[in-house]
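I have placed the structure first, in the form of structure tokens, so that the comments after it can refer back to it.
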Amino acid sequence: MRIDRKDRAIRGTMFSRYLKMAALCVGVTIIAAVGTAALMAQTYPAQPIKVIVGFGPGSAADILARLVGKRMEVRLGQPIVVENRPGNSSMIAAETVARAAPDGYTLFMATIANTLNPAEAKSGFNLGKDLAPIALLGMVPNVLVAHPSVPANNLEELIALARSKPESLTFGSSGFATASYMAAALFNDKAGTKILTVPYQGGSNQAVSDLLSGRITLMFNVAATLAPHVEAGKLKAFAVAQSTRASIMPDVPTLAEAGMTGYDAGIWIGLLAPPGTATAIIEKLSAAANEALKTQDVETALKRQGTDPRGGTPKEFADFIRADIEKWVAILARPGLGK
């Protein structure tokens with residue numbers, strides 16, 4: 001069948017109109033979506049906000065969520081309800097929030113466990129990509145302590161002892177790829193030592209008990225837990241494992257200050273939302289969280305619990321998460337750190 005020039009022209013015109021109509025429909029859809037998101041952000045929050053914590057009541061993440069959440073309610077004008085959903089080192093809670101509607105009404109209280117677990121398991125889950133960072137809320141300082149029988153009084157002496165008598169020292173840990181294990185692994189890596197790490201599958205309580213009795217000699221653990229034993233002379237503290245000193249143990253230097261440049265194995269806690277949550281909602285939540293951290297009652301309560309308040313922008317928190325994952329992936333790739 002022959003198509004003359006006139007038919008071609010008519011069909012070309014019709015096709016051009018079709019393209020214009022399609023573009024118009026797409027544009028209208030985009031404008032509607034943007035308008036809906038903007039309206040949601042303006043009216044947000046219009047109902048209670050749920051914060052899911054991957055650990056039980058009384059954990060550092062749980063306490064921080066409740067203290068900061070109570071203050072955020074004042075600015076946001078809606079209740080913040082904390083829901084404890086422990087399991088698989090809080091990865092169950094993380095994945096639950098990652099699948100939640102991106103409307104700002106379901107949030108996640110993340111910890112260092114959520115960067116350690118994927119690094120160790122080579123999981124497809126990535127905290128910085130599969131959730132939207134809101135704010136880094138606080139650091140729970142780890143401190144390196146030893147039984148009084150260890151014949152070293154500072155970091156330099158401890159490293160020299162570990163190099164000369166490697167089998168005389170042992171690190172207690174809560175198990176492979178936990179915060180205490182990774183702090184010890186980073187120590188060995190930077191100091192060039194081979195101190196044996198002893199795992200305690202039941203958690204750190206038994207490890208602390210064995211440390212106090214002298215069955216093991218060294219441990220990285222939460223400063224708030226160890227501070228009373230250090231004050232009583234039952235343990236001696238060498239250094240804090242994060243980049244800044246711990247407010248609960250202000251006289252103890254950081255490992256970097258004690259001579260181990262670049263060491264940072266701080267336990268962190270932060271707030272995230274489902275991916276795709278509107279930027280305006282993320283910013284509103286971040287502003288409320290940062291304001292809460294600066295109030296005197298929250299700051300005092302957190303420091304009493306052994307948590308140092310932090311804060312910052314969503315981008316700063318995203319950069320922090322990315323750097324933390326990269327650091328632990330690199331450490332776990334070192335020879336001898338496999339299970």
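Can you find, within segment 52-76, the residue that is least open to solvent (accessible area, probe 1.4 Å) among those that are farther than 22 Å from Ala132 by Cβ and more than 19 Å from the chain's Cα centre (by Cα)?
My answer is Val74.
Asn114 versus (1) of a type outside the set (D, E, K, R); (2) modelled with pLDDT of 95 or more; (3) open to solvent by less than 10 Å² (accessible area, probe 1.4 Å): which is the lone unmet condition?
(2)
Name the one entry in Pro86, Pro102, Pro133 that is in contact with a Phe, Trp or Tyr (Cβ under 6 Å, 6 or more places away or on another chain) and open to solvent by 20 Å² or more (accessible area, probe 1.4 Å).
Just a single option satisfies the conditions, and that option is Pro86.
Kindly provide the set of residues from segment 149-164 that are in contact (Cβ under 8 Å) with a residue 40 or more places away in the chain and among the charged types (D, E, K, R), ordered by number.
Glu156, the sole residue that qualifies.
Given the conditions (1) among the aromatic types (Phe, Trp, Tyr); (2) over 26 Å from Tyr44 (Cβ atoms); (3) at pLDDT 95 or above, report the number of the one that Phe108 does not fulfil.
Condition (2) is where Phe108 drops out.
Can you give me the number of residues within segment 260-283 that are outside any loop (DSSP other than H, G, I, E, B) and under 20 Å from the mean Cα position of the chain (by Cα)?
Total meeting the criteria: 9.
Quickly run through segment 212-244 and pick out the residues that are in contact (Cβ under 8 Å) with a residue 60 or more places away in the chain and part of a loop (DSSP other than H, G, I, E, B).
Within segment 212-244, Gly214, Ile216, Thr217, Gly233, Lys234, Leu235, Ala241, Gln242, Thr244 meet the criteria.
List pairs: first in segment 165-194 and in a loop (DSSP other than H, G, I, E, B), second modelled with pLDDT under 90, Cβ under 6 Å, 6+ apart or cross-chain?
Ser174/Gly203; Ser174/Ser204; Gly175/Gln201; Phe176/Lys339; Ala177/Leu116; Ala177/Glu120; Lys194/Pro166
Of (1) modelled with pLDDT of 95 or more; (2) touching a Lys or Arg at 6+ places or on another chain (Cβ under 8 Å), Tyr263 satisfies all except one. Which?
(1)
All but one of (1) assigned to a loop (DSSP other than H, G, I, E, B); (2) within 26 Å of Gly312 (Cα to Cα); (3) within 23 Å of the chain's Cα centre (by Cα) hold for Val252; state the number of the condition that does not hold.
Just one mismatch for Val252, condition (3).
Let's see how each residue does on (1) at pLDDT below 95; (2) within 17 Å of the chain's Cα centre (by Cα):
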site: Val298; (1), (2): no, no
site: Lys303; (1), (2): yes, no
site: Arg310; (1), (2): no, yes
site: Thr313; (1), (2): no, yes
site: Glu316; (1), (2): no, yes
site: Ala323; (1), (2): yes, yes
site: Lys327; (1), (2): yes, yes
site: Leu337; (1), (2): yes, no
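In this structure, does Val143 turn out to be over 14 Å from the mean Cα position of the chain (by Cα), surrounded by 18 or more Cβ atoms within 10 Å (Cβ to Cβ) and closer than 30 Å to Asn290 by Cα?
Spelling it out, Val143 is indeed over 14 Å from the mean Cα position of the chain (by Cα), surrounded by 18 or more Cβ atoms within 10 Å (Cβ to Cβ) and closer than 30 Å to Asn290 by Cα.
Given the conditions (1) closer than 15 Å to Leu271 by Cα; (2) of a type in the set (A, V, I, L, M); (3) open to solvent by 20 Å² or more (accessible area, probe 1.4 Å), report the number of the one that Ala292 does not fulfil.
With (1) closer than 15 Å to Leu271 by Cα; (2) of a type in the set (A, V, I, L, M); (3) open to solvent by 20 Å² or more (accessible area, probe 1.4 Å) applied to Ala292, the lone miss is (3).
The values are calculated or read from the model by the stated rules, or taken from the named source; none is laboratory data. Keep in mind that what you see is a predicted model, and the values were worked out from it rather than measured. Backbone-built Cβ (ideal geometry, glycine too); neighbour counts: all protein chains shown. Side chains are part of the model used for accessible areas, which takes the heavy atoms of the whole protein and leaves out ligands, DNA and RNA. Shrake-Rupley method; radii C 1.70, N 1.55, O 1.52, S 1.80 Å.
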